[in-house]
Amino acid sequence: LYRNFVSGSDIYSFFDFAFWYAQYLSLQLSKNEYAQAFSIVILNQFYKYMDTNELKLSEIISNVGFNAVAGAIRKSTVTLQYTPKESRKYDVRYGVAQTLQNKSKSKEDLAEFVGEFIALYNSETARQAEKTGKPLRLSVRENELIEFYTLLDSFPSKLVGALLASYGFALKAKDATKPDEQEESLIEEIIED
């Protein structure tokens, strides 16, 4: 799929690849095998470059609701998988990439999946905040969810789902290092202090 995209500039092949790669990345990380995650910064540049009047990718990726949902997926999957097990405060949500691909076939299914996913994510976040006395991650707010659902009214569900897969399984620059590199940088910070 990636080769089809590169050789034929077929953005839809890249969207199919995004679903596949999210599953692959999650699987590799679950087996403690390294896999390179996409960077959010690179995806922003890539999608803005590939934007057309027909697709309007910039409108989707700049939507606050889209970013909140993608962030929740990221914090429930790859970010946790890059975090050492003893440091995790939440359980990794395996199978999200596969479910996202299956549910992206219709707007109703995608909306239902996202609603259920965010409800669980927000309840886990609130439960952990209650235990620790402080929030460890931000909940997805109602207005952000409404903004996301507005996207589903305007764009094909498969397109929104593919973009969610690529952003939900991408990492911010500081999170996109191997666990060993994260540990080394923490040790360096401790030594410097």
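The values are calculated or read from the model by the stated rules, or taken from the named source; none is laboratory data. What you are looking at is a predicted structure, and each value in this text was computed from that prediction instead of being measured. Glycine gets a Cβ as well: all are built from the backbone with ideal geometry, and neighbour counts include every protein chain shown. Surface areas here come from the heavy atoms of the whole protein model, side chains and all, with no ligands, DNA or RNA. Shrake-Rupley method; radii C 1.70, N 1.55, O 1.52, S 1.80 Å.
Brief remarks on what is shown
- Chain lengthening between LYS134 and ALA119 when straightened (0.36 nm per residue, less Cα-Cα): 3.5 nm
- For the peptides 94-100, 138-144, residues were scored by their other Cβ atoms within 10 Å and the scores averaged per peptide; the highest-first order is 94-100, 138-144.
- A cut-off of 5 Å between modelled amide H atoms, ignoring neighbours fewer than 5 places along the same chain, links SER39 with LEU171.
- Looking at the chain, the accessible area is 57 square angstrom per residue; that uses a 1.4 Å probe and ignores ligands, DNA and RNA.
- When a 1.4 Å probe is rolled over the protein heavy atoms, the share of accessible surface on region 1-96 that falls to carbon and sulfur comes to 52 percent.
- Theoretical gain in end-to-end length, SER58 to GLN98 [0.36 nm per residue, Cα-Cα removed]: 11.9 nm
- Computed extension gain for PHE46 through LEU1, at 0.36 nm per residue and net of the alpha carbon distance, reaches 14.5 nm.
- Label of the coordinate-derived value, percent of Cα pairs over 23 Å apart, listed as (1) 41; (2) 57; (3) 44: (3)
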